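**Q** Sharing a structure, written as structure tokens. Questions coming.
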Amino acid sequence: MSTPSPEHLNPDSRMQCRDHGIQRPTIICSHLQYGECLGFNVPDRLPAGPMAWLPMAWCDACDSVLREEGGWNDRSESFASPKMMCAACFEIIRQRNLPGDTVQKS
Ligand SMILES: [Zn+2]
Ligand SMILES: [Zn+2]
């Protein structure tokens, strides 16, 4: 697992997912990766700038750190420890972590 470097991604970037093949990249916090019902927070409004196209999500715990810190900085980022996920995994993780949703186990 390499650390994601969003600054090196662009809208044409693709990544190889072990389960889904070639996909668009997304960024999630490390907690969501294996978590269930942790909450699924996305940017309130699309951040202006070159990263606006990149889907991002983080759990409720990250969200409170984010609010305390007033945004992404070293502390909130090291707490979230963001991971790069393929767009299909992002959707699965979203379903699994949305509050109030029945967790579907296959
Ligand atoms: Zn988190
Ligand atoms: Zn995937």
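We did not get these values from a lab; they are worked out from the coordinates using the rules stated. Keep in mind that what you see is a predicted model, and the values were worked out from it rather than measured.
**Q** Full-extension gain between residue 88 and residue 36, please, as 0.36 nm times their residue separation minus the C-alpha to C-alpha distance.
**A** Numbers: separation 52, 0.36 × 52 = 18.72 nm, distance 1.66 nm.
Between residue 88 and residue 36, full extension yields an extra 17.1 nm.
**Q** Shifting gears a bit: Apply the a/c threshold of 1.5 to the C-alpha gyration tensor of segment 13-97 and tell me whether it is rounded, prolate or oblate. Kindly include the intermediate steps, with their values, before the conclusion.
**A** Values: a/c = 1.94, a/b = 1.35, b/c = 1.44.
Because a/c hits 1.5 or more and a/b fails to exceed b/c, segment 13-97 counts as oblate.
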